[in-house]
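Peer 1: Dropping a structure here in structure tokens format, bear with me for questions.
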Amino acid sequence: MEEAVRYVTLALAAALAGLLIKRQEPGLALLVALAAGIVILTGLWQMLNVLIAFVKELTAKLAGLEEAVAVLLRVLGIMLISKIGSSLCKDAGESALALQVELVGNALALIATIPLFHGLLALVGSFLAG
Amino acid sequence: MKTLRVALLLFAALSLGALPVFAETGQKEAKALTEALPADAAVGAEKAQGEDSVELNRGLSALLQKAANLLPQAIRYGVACGAKLLLIALLVSVVSQMGLDQGVGSLTLSAATALCIVLVGVHDMTGILGMGKQFVEDLNAFSKALMPTLTAASAAAGAPAAALARQTVVMVVSDLLITALYGLFLPLIYAILALRTVGMVSDNPLFPRLAGSMKQFVLLALRYMLVLYFGYLTVTGIISGTADTLARRAAKTAITTGVPVVGGMISEATDSVLAGAAMVRNSVGVVGVLGILGLALLPLLYTGINYLTLRLVASLSSAVSDKSAAAIDILADTMSMLFAIIVTIATMLLITVVTGMKGVGL
């Protein structure tokens, strides 16, 4: 709970600082938001590592799940990063850039699912041939 | 007169003495048929054969016992499959909770969810689909051993035309079923799975509608196969059964009128001979029924349990992720179609064997 309070406090402080700086230096405000975001994301990354390790432990016990979960985690990671990037671009007033970041993120996430297509086709093909 | 009495007594003794001989022949036929079954499917047929008789109840008890022994294994298999799908549903719900499925992200998440769940589900289903394929192949091989034996026994029991009609249709239908399974039903099942997955990914209603039509076609095909098959057996059974009855009556009349003095007694004695042959037919029939049930037990148990598990998991995952629930429903529908195919094929052969045991007519 203390960690949650710490990150929320950091985010609120950065938001307040950004609000105060924005009128004089909009670029600096964005940097403040970016810096706070990096600190929070570092903490998030450590938490996600714990979650990912737990998920991997579960998938190790259930055979046949590794590929699908790996793809899902990759998709989750790509969508998360593109969402954060898109939000930062919107904060900077660049909505067109934000949309492009989102589109790129989704395209990459879809590309990440291609191994699943291949896996499915291979499975069905081998069964019908056999 | 004395000589005639001795001859009649001797004849009666021989006729009655033929019954144990028929019983022993019936058991030999039953044993030979049991050996045509794979070891794990022959449990019921083996237990049904006692020292001097073949009893259906003993075999059914053994099959029920086997089902009870297999049940925990089948449930564990179903639960393992369900657990994997539930884990994927939970991961997808995490993505949704983070608000990452808004706008274009919705398409990406639908695609990832559908593909993950269908891939994991099909991977697990491959074993069960393999059981279904193996069942049809084993049933085809068993029917090739069963039908000639049952036909011979039915013919000896006084129903040659009906028996021959049954054997002919079973041989033809058996091969047709293998062709239909590999050439039609299995590809259709996979096509339905693929169409519904694409429909979920693209959110286009055309694909689920096409899949729905194909599913209706599969179920109708199974229904009409059963109806036509049963109809054919009914019609040929009535026609050829009537012919067999008339032939028997004509033969008995001919013997009674044609053979002086003892013609009537000989024609009556043929009934005991036919009864003995009917014992052979019934023994063969009992082993046939138990063999078919033994072959169908494993695939039916696994498809049934997996179908129920998938429905349960779909209900549970709908609480965290609608997309996951929809994908799991696709898998459950596929399992239900496989169950229907196995039941239809087993029922067709069971009807044939039971009508063969019943004897003349249906």
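Peer 1: Let me make sure I get this right: for region A:1-44, a, b and c are the square roots of the gyration tensor eigenvalues over alpha carbons, sorted descending. Under 1.5 in a/c it's rounded, otherwise prolate if a/b > b/c, else oblate. Which is it?
Peer 2: Note, shape of region A:1-44 comes out oblate.
Peer 1: Now a separate question. Within region A:1-56, list the trypsin sites (Lys or Arg not before Pro) lying in a DSSP loop whose Cβ has at most 10 other Cβ atoms in a 10 Å radius.
Peer 2: A:ARG23
Peer 1: What's the extension gain from B:LYS144 to B:LYS28 if we count 0.36 nm per residue and subtract their Cα-Cα distance?
Peer 2: On the way: separation 116, 0.36 × 116 = 41.76 nm, distance 1.76 nm.
Full-extension gain reported as 40.0 nm.
Peer 1: Follow-up. Distance in nm between label sites at B:VAL172 and B:GLU55, each 7 Å beyond Cα in the beta-carbon direction?
Peer 2: 4.1 nm
Peer 1: Turning to a different aspect of this structure: To the nearest 0.05, how large is the calculated FRET efficiency for A:ALA17 and A:VAL104 if R₀ is 30 Å and r is the Cβ-Cβ distance?
Peer 2: That pair, A:ALA17 with A:VAL104, gives E of 0.50.
Peer 1: I want to check the label-to-label distance for A:GLN46 and B:GLN65. Put each point 7 Å from Cα in the C-beta direction and report it in nm to one decimal.
Peer 2: 6.2 nm
Peer 1: While we're here: At 0.36 nm per residue, and after removing the present C-alpha to C-alpha distance, how many nm does the segment from B:ARG76 to B:ALA191 gain when stretched out fully?
Peer 2: Here the answer is 38.5 nm.
Peer 1: What lysines sit close enough to A:LYS56 to cross-link, taking a C-alpha to C-alpha distance under 17 Å and skipping anything fewer than 8 places away on the same chain?
Peer 2: B:LYS84
Peer 1: Same structure, new question: Taking the Cα-to-Cβ direction at B:TYR182 and at B:ALA83 and moving 7 Å from each Cα, how far apart do the two end points lie in nm?
Peer 2: Placing both labels 7 Å along Cα→Cβ, they lie 3.7 nm apart.
Peer 1: Within 10 Å of each Cβ of B:77-89, how many other protein chain Cβ atoms are there on average? Please list the in-between numbers first.
Peer 2: Working: counts 0, 0, 0, 5, 2, 0, 4, 9, 3, 0, 8, 5, 0.
Mean shielding by partner chains, rounded to a whole number: 3.
Peer 1: For B:LYS47, go through the lysines and keep the ones whose alpha-carbon is under 23 Å away, minus same-chain ones fewer than eight residues off.
Peer 2: By straight Cα distance, B:LYS47 reaches B:LYS28, B:LYS31, B:LYS66, B:LYS144, B:LYS358.
Peer 1: How far is the Cα center of region B:34-54 from the Cα center of region A:26-82, in Å?
Peer 2: Between the Cα centres of region B:34-54 and region A:26-82 lies a distance of 59 Å.
Peer 1: Per-residue Cβ counts within 10 Å, from other chains only, averaged over B:116-124: what number is that?
Peer 2: 6
Throughout, read-outs are computed from the coordinates displayed, never taken from laboratory work. Note that the structure is predicted; figures quoted are calculated from it, not measured. Ideal geometry is used to build each Cβ from the backbone, glycine not excepted, and the neighbour counts take in all protein chains shown.
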